[in-house]
1. Residue by residue through region 202-216, note down the ones that are in a helix (DSSP H, G or I) and more than 19 Å from the chain's Cα centre (by Cα).
2. Filter region 107-119 for residues that are open to solvent by less than 40 Å² (accessible area, probe 1.4 Å) and out of contact with any Phe, Trp or Tyr (no Cβ under 7 Å at 6 or more places or on another chain); which is nearest to Q178 (Cα to Cα)?
3. Within region 120-131, track down each residue that is open to solvent by 20 Å² or more (accessible area, probe 1.4 Å) and within 19 Å of Q165 (Cβ to Cβ).
4. Identify, from the list F231, F197, the residue that is touching a helix residue (DSSP H, G or I) at 6+ places or on another chain (Cβ under 8 Å), open to solvent by 80 Å² or more (accessible area, probe 1.4 Å) and at pLDDT 95 or above.
5. So which helices (runs of 4 or more DSSP H) are wholly in region 93-173 and hold at least 1 residues that are touching a Gly at 6+ places or on another chain (Cβ under 8 Å)?
6. Considering region 174-186 alone, what residues qualify as being crowded, with 17+ Cβ neighbours inside 10 Å and β-branched (V, I, T)?
7. Run down R267, R223 and say which single residue is within 30 Å of E187 (Cα to Cα) and at pLDDT below 85.
8. Would you call A171 out of contact with any Phe, Trp or Tyr (no Cβ under 6 Å at 6 or more places or on another chain), surrounded by 13 or more Cβ atoms within 10 Å (Cβ to Cβ) and under 25 Å from E193 (Cα atoms)?
Amino acid sequence: MKITSIALVTLFSISVQAFAPQTTSSTTTRGSVLYADTQEAPTEAKVSRPKVQQLGLLTFDLDDTLYPIGPCVEAANNAFVTAMEKYGFPGLSAFDIVETGKIVREEIANEDPEKAAALTHTEIRELAIRREMEKVILERKLQSTAEDWATQVSSLSPIVRKHAQDWAKTAVSESVVQSVLTQWEMERHHAAERYIFPHVIESLKKIKEEHPNVVIGAVTDGRANPLLMTFTLAPYFDFCMSWEDDQGGRQQFFKELDTVDAKAELRWIYDAARHKYAILKEAQDAIDSAQSDEAEIQPLVWPATYDDLAWIHVGDDLAFDVGGSAACGAKTVLVELPRSVGQTAPFRFDLSVQQPAWSTTSRKELEARIAMNEKARPKVNAEINTMERLPIAINEILRGDA
């Protein structure tokens, strides 16, 4: 199917109205909590029941929602060590990249707090890899210079050290940095497939069976992409939107997050996901119409004939997943799994406990996020403690029971 540029412009201009909260009858809704030992939550008696909505768009957060982030990052860090050894930088530990990333971010924060806050995970990781390479090259250069001058490294003057530092920065190969980064990202995806949470695949299969026309997408703040997880998630996902795809929107968000009266919103990434859905849905309807034997069937027009289709977002983060998607009209499912499966969400924003070793989030940012979490809590439509209950939660939301 061919979509003209005029059609795309028109589609984008009106897609921002998609999934806007609709005015309903006098019926009320309430949050639903589904635990592993429960069946579908009992419904309250109602005078009238609205028509069951059809599911149009289902979006997921990835890290700590579909798989645990901790072991995935650990495996990727081990791959970093192996890759560095391959390129002649031995002797590093798995968490050197994490600690160096924290140092790099703190250094940038001292000069430009907004820039530091808006750094993507990929940018921090790339800077950390480069810094580790520079350290090894510098040590070798200083040792070589000391040997040439028949002296100790400690005896070298500050001027000599400064020249060696400058030289080390230019000696790092950008292609080698990117190769190491690629190895890190590849192992992260492989680990996600190995550590995927129980019942995720079974639930996705059931959702596809019960809602065959649903478009499923991912919304993530990193570089993870379910379309690259060939053996697990890829068959069920239609697209992936990353925070890192829109630096302007990301920088504005963290700029607002850094203010005293933080009113930061994540609308931009969810608006992008909603727009992506509009394009995919319109294209699919046109294909279905062209393949139909009934010539009178016409493609549905966005958004007029999609107003009754629901959008549900599933995630573990109150502020980013619930608050951000709800602001754009989505219904929400909060995933809070038992600590035994490796999810860190329930205690990741508790200042009284030690944060995960892989986290580079500053205390100031944590405090702002905690405030955002509290604000987003009332926007939870359903809460589950096992992915096995996700299809039930979705159906409750569609019936208006959650």
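The values are calculated or read from the model by the stated rules, or taken from the named source; none is laboratory data. Keep in mind the model is a prediction, meaning the values are calculated, not measured. Here the Cβ is made from the backbone with ideal geometry for all residues, glycine too, and neighbour counts use every protein chain on show. The accessibility values were calculated without ligands, DNA or RNA, using every heavy atom of the protein model including side chains. Shrake-Rupley method; radii C 1.70, N 1.55, O 1.52, S 1.80 Å.
1. Result: E202, S203, K205, K206, I207, K208, E209, E210.
2. Ranking the candidates gives L119 first.
3. Selection gives L127, R130, R131.
4. F231
5. Working: elements: 96-111, 113-118, 121-148, 158-171.
In region 93-173, 121-148 are the helices (runs of 4 or more DSSP H) which contain 1 or more residues that are touching a Gly at 6+ places or on another chain (Cβ under 8 Å).
6. Hits for region 174-186 are V176, V177, V180.
7. Every option except R223 fails the conditions.
8. The answer is no for A171.
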